[in-house]
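Since the structure comes first, as structure tokens, the remarks are kept for the end.
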Amino acid sequence: MKKLFAATLIVLIALMVQQQSANACTNFLVTKGASVRGSTMITYSADSHVLYGELYYWPARDWPQGSMLDVYEWDTFRYMGKIKQVPHTYSVVGNMNEHQLAIGETTYGGIESLVDTSGIIDYGSLIYITLQRARTAREAIRVMSDLVSEYGYASSGESFSISDPNEVWIYEIIGKGPGKKGAVWVARLIPDGYVSAHANQARIQTFPLATGKKNSIAITSKDLSRIFDPVVECVYAWDVAEVARANKLYTGTDQDFSFSDTYNPISFSGARFCDIRVWAFFRSVSNDMDHYLNYVSGHDLTKRMPLWVKPNRKISNYDLMNFMRDHLEGTPFDMRKDFGAGPFGSPYRWRPLEWSVSGEANAPQYCNERATSTQQTGFVFVAESRNWLPDPIGGIFWFGVDDASTTVFNPIYCGILEVPECFKVGNGDMLTYSPTSGFWLFNLVANMCYSRYDMMSADAIKLQKSLETKFLAETAEADEAAKKLYTDNVWKAREYLTDYSLKSAQNTFDQWKKLSEYLLVKYIDGNIKREKDGQFERSPVSYPVMPMQPGYSDSWKKMVILDTGTKLLVPAGTEH
């Protein structure tokens, strides 16, 4: 009984940490035919109140026969157990490996009773172990299936984005319950020319079923050897519906089985806090999303959004960076437009998401919006894979730390051999400040911007745009230079790309450090220093000229009057 209680307690603690660190993420998926340059792209915002933003790195390595790998849970670093090591592992930087394979995730949780308390492979380990063992998206699906089948799946429900230079897949998984090894899952290929997204709500509903025919577009996990057949566009665990029936979650036919509706039934929070991020992305590239307004508001849960949409224009890597900065601007949910935005139009609200007025009997519940760009972000990326270039050159992992809105996406080539110091693992942590850490520097600037968001964020975004525009131009030149080196010596090319990636990241750090100093000087004590020709204005005797003091907006003033009545009223006729 004590062992059972201890095991249950461990799982509950792990789930709580997982919910805090992962149940707030966003992935956008773009296929070749939907992108400007014919690249595949996926994004990931690792939103978390406890996740430190750093750039993971594993070098490629050969392993002696019989080697074992210790598995530690990604969120808690809790030891999970040992698994067999493979003879060779690929190098991985962040969430992309040297073969341009990239994997992102969002946690949807789902049915809690299906978590396997004895599993070894948690969702984070599943990502990073797979990246070290697979070269393509299809190979990744097979590796992930094999890992959870052999060692058990230790996390709650997850949605994964998996991309290689040619294909983009969405893969959704959940366990079978305590002590039941394996998992149930479905993986679907995003049709070329389309985009998809997920943000903590399972998205795959009904899916094609395997027929056993050679030209079938769907296969089950019993036939995974066929996953490399290009006609296969859907793969699923053979018992995905049977597990649901055994747990009294579903009683219908296989044809009507919906993965999402069974394992993660839609709720107000699933629509308003999760799918609203998908809707905001789809709305930016499609003209047909306004009729889902009642759904994402949480008021009508009957009209689910499609798994993918065809965009009305081609999408660039820079587009994706900016889609990750969305605060629901220009929608009915725009957080800059209500009293909660404060006097300076802040699109941020501190947690909790749901709230009520204390002390009121039967107080109604209210909510804050949950936009794509959010303050408690560990790191964010756009993974871009390009099939017309050699792998070490073709993959660019555009990486930033902290909130996407006020971060810079830095070009990190997938073939690099070293990680920039400002992003290196161990350079500070969530409880330890480091003056050379990118995460702490970007948080410093972001927290400064919160105090006067309308003006200070504009200064940060100006530098952000300048740096990213520069990087987009430079990477075209870096591609060509690396290609010439690659022809004669692969390692020379990788050393060149390493040097470029390190210098780019350091340049960002140095420029952002100057920005932090500039913001302090310009906005100190609520004053705003005047500028001319890029310099702060001085009087003839070298003192600063009188700073601007623009005050508050009329809408804010009216709310203050409403709240204070006549307390602040200056009597008529009084000299002042």
> How long is the gain from residue 517 to residue 558 if the chain were fully straight, where each residue apart is worth 0.36 nm and the alpha carbon distance is subtracted?
Replying inline: 11.3 nm
> For 185, 350, what's the fewest-to-most ordering of other Cβ within 10 Å of each Cβ?
Replying inline: 350, 185
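Taking 0.36 nm per intervening residue step and subtracting the Cα-Cα distance, what contour gain separates residue 539 from residue 525 on full extension?
3.0 nm
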> What do the square roots of 5 times the Cα gyration tensor eigenvalues come to for the chain, in whole Å, largest first, as semi-axes of the equivalent ellipsoid?
Replying inline: 42, 31, 22
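Which helices, counted as full DSSP H runs in the chain, have an axial Cα extent of no less than 20 Å and a Kyte-Doolittle average of -1.0 or above?
Helices meeting the span and hydropathy rule in the chain are 2-22, 137-151, 438-451, 453-488, 490-523.
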> In whole Hz, what ³J(HN,Hα) sequence does region 58-73 give by Karplus (6.51, -1.76, 1.60; θ = phi - 60°), x for Gly and Pro?
Replying inline: 10, x, 5, 7, 9, 10, x, 4, x, 5, 10, 10, 6, 10, 10, 4
> Taking +1 at the Cβ of each Lys and Arg and -1 at the Cβ of each Asp and Glu, which of 215, 318, 425 sits farthest along the dipole of the chain towards its positive end, judged by Cα position relative to the Cα centre?
Replying inline: 215
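Neighbour counts of other C-beta atoms within 10 Å: give me 162, 315, 416, 266 arranged from fewest to most.
266, 315, 416, 162
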>> I'd like to know which of 330, 341, 175 lies farthest towards the positive end of the charge dipole of region 2-355, counting +1 on Cβ of Lys and Arg and -1 on Cβ of Asp and Glu.
In response: 175
> Using modelled backbone amide H atoms (1.01 Å from N, in-plane), which distant-in-sequence or interchain residues come within less than 5 Å of residue 286's amide H?
Replying inline: 312
>> Looking at the chain only, what percent of DSSP beta bridges run antiparallel? Nearest 5 please.
In response: 90 percent
>> Under the rule of at least 5 residues apart or a separate chain, name every residue whose amide H is placed under 5 Å from the amide H of residue 367.
In response: 355
> Can you list the residues, at least 5 places off or on another chain, whose amide H is less than 5 Å from the amide H of residue 238, using H built in the peptide plane?
Replying inline: 221, 222
>> Give me a comma-separated list of calculated 3J(HN,Hα) values for region 375-392, in order, Karplus coefficients 6.51, -1.76, 1.60 applied at θ = phi - 60°, integers in Hz, x for any Gly or Pro.
In response: 5, 8, 9, x, 8, 9, 8, 10, 8, 10, 10, 10, 6, 8, 10, x, 3, x
>> What does the net charge come to around residue 515 if you take all other residues with beta carbon closer than 12 Å to its beta carbon, with K and R at +1 and D and E at -1?
In response: +1
>> If you take every residue apart from residue 287 with its C-beta less than 12 Å away from the C-beta of residue 287, what net charge results, scoring Lys and Arg +1 and Asp and Glu -1?
In response: +1
> Once the other residues with Cβ under 9 Å from the Cβ of residue 404 are scored (Lys, Arg +1; Asp, Glu -1), what is the net sum?
Replying inline: -2
>> Can you give me the C-alpha center-to-center distance between region 439-454 and region 178-249, rounded to a whole angstrom?
In response: 43 Å
> For the peptides 557-564, 24-31, 257-264, 301-308, what is the packing order when you average, over each peptide's residues, the other Cβ atoms within 10 Å and list the highest mean first?
Replying inline: 24-31, 257-264, 301-308, 557-564
>> Among 162, 29, 45, which residue has its Cα furthest toward the positive end of the charge dipole of region 2-355, with +1 on Lys/Arg Cβ and -1 on Asp/Glu Cβ?
In response: 162
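So if R0 is 41 Å, what FRET efficiency would residue 213 and residue 36 give, r being the distance between their Cβ atoms, rounded to the nearest 0.05?
On the way: r = 37 Å, r/R0 = 0.91.
Result of the calculation: an efficiency of 0.65.
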> Roughly speaking, what is the centre-to-centre gap between region 264-325 and region 356-417 when only Cα atoms are used, to the nearest Å?
Replying inline: 16 Å
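Every read-out reported here was derived from the displayed coordinates using simple, explicitly stated rules and does not represent laboratory data. These numbers were taken from a predicted model, which means no experiment stands behind them. Cβ coordinates were reconstructed from backbone atoms using ideal geometry, including for glycine residues, and neighbour counts include every protein chain displayed.
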